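Note sheet for the following structure.
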Amino acid sequence: MIQRTLFEELKNHASQKEISLIVGPRQAGKTTLMLLLKNHLEKQGMKTLYLSLDFESDRSFFSSQRSLPRKIELEIGKEKGFVCIDEIQRKENAGLFLKGLCDMNLPHKLIVSGSGSLELKEKIHESLVGRKRFNRSVPKPTGLTHSLP
């Protein structure tokens, strides 16, 4: 199995209210890392939901800040759960969208991945001050191990 040092960081951050944001270049393992965490949480008896903006069928849930919580409640319920959102860079105004979700004070933990482009990071950082923690997924020369900057 590929060793991922970020996995422990993400597991530890899962209990925090802030958004766990995984950023990095394409093919760095962001989705794999997110799915590993999702599987770990499910094994712990936690409810999870995975949505990807790469999937046409999931995009409609991101049309407004009302439609996504409805989908989450339908799948997870009103109790605590974990929502994995993959490829957030495909959402226009992603930072403001996530900020609005945070400000709704939903009982769900958001785990979000997206392209590590400087533009995306600046937009999300500006909108989510105090509401997120960045976890950078950067391949080392072997491409097998990931770590925080």
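Sort out which residues of segment 22-34 are out of contact with any helix residue (DSSP H, G or I) (no Cβ under 7 Å at 6 or more places or on another chain) and within 22 Å of L106 (Cβ to Cβ), and write them in order of number.
M34
Provide a single number: the residues in segment 10-38 that are open to solvent by less than 60 Å² (accessible area, probe 1.4 Å) and part of a loop (DSSP other than H, G, I, E, B).
So the answer is 3.
Could you list all residues from segment 101-119 that are assigned to a helix (DSSP H, G or I) and open to solvent by 20 Å² or more (accessible area, probe 1.4 Å)? Step through it out loud before you land on a result.
Of all residues in segment 101-119, those assigned to a helix (DSSP H, G or I) come to 101-103, 118-119.
The answer is C102, D103, L118, E119.
Could you list all residues from segment 64-85 that are part of a loop (DSSP other than H, G, I, E, B), surrounded by fewer than 15 Cβ atoms within 10 Å (Cβ to Cβ) and among the polar types (S, T, N, Q)?
Kept after step one, since they are part of a loop (DSSP other than H, G, I, E, B), are these residues of segment 64-85: 64-66, 77-80.
Right, trim to surrounded by fewer than 15 Cβ atoms within 10 Å (Cβ to Cβ) and you get 64, 66, 77-80.
Selection gives S64 alone.
Return yes or no: is I88 among the hydrophobic types (A, V, I, L, M, F, W, C), in contact (Cβ under 8 Å) with a residue 24 or more places away in the chain and either in contact with a Ser or Thr (Cβ under 8 Å, 6 or more places away or on another chain) or open to solvent by 60 Å² or more (accessible area, probe 1.4 Å) (or both)? Break it down stepwise before answering.
Details: among the hydrophobic types (A, V, I, L, M, F, W, C): yes; in contact (Cβ under 8 Å) with a residue 24 or more places away in the chain: yes; either in contact with a Ser or Thr (Cβ under 8 Å, 6 or more places away or on another chain) or open to solvent by 60 Å² or more (accessible area, probe 1.4 Å) (or both): yes.
Against the criterion (among the hydrophobic types (A, V, I, L, M, F, W, C), in contact (Cβ under 8 Å) with a residue 24 or more places away in the chain and either in contact with a Ser or Thr (Cβ under 8 Å, 6 or more places away or on another chain) or open to solvent by 60 Å² or more (accessible area, probe 1.4 Å) (or both)), I88 qualifies.
In segment 39-60, which residues are under 13 Å from K80 (Cα atoms), of a type in the set (A, V, I, L, M, F, W, C) and either in a strand (DSSP E or B) or open to solvent by 30 Å² or more (accessible area, probe 1.4 Å) (or both)?
M46, L49
The values are calculated or read from the model by the stated rules, or taken from the named source; none is laboratory data. Predicted model, so just to flag it, every value in this text is computed and none were measured. Every residue, glycine as well, gets a Cβ built from its backbone with ideal geometry; the counts of neighbours run over all protein chains shown. Protein only, heavy atoms only, side chains kept; ligands, DNA and RNA dropped before computing areas. Shrake-Rupley method; radii C 1.70, N 1.55, O 1.52, S 1.80 Å.
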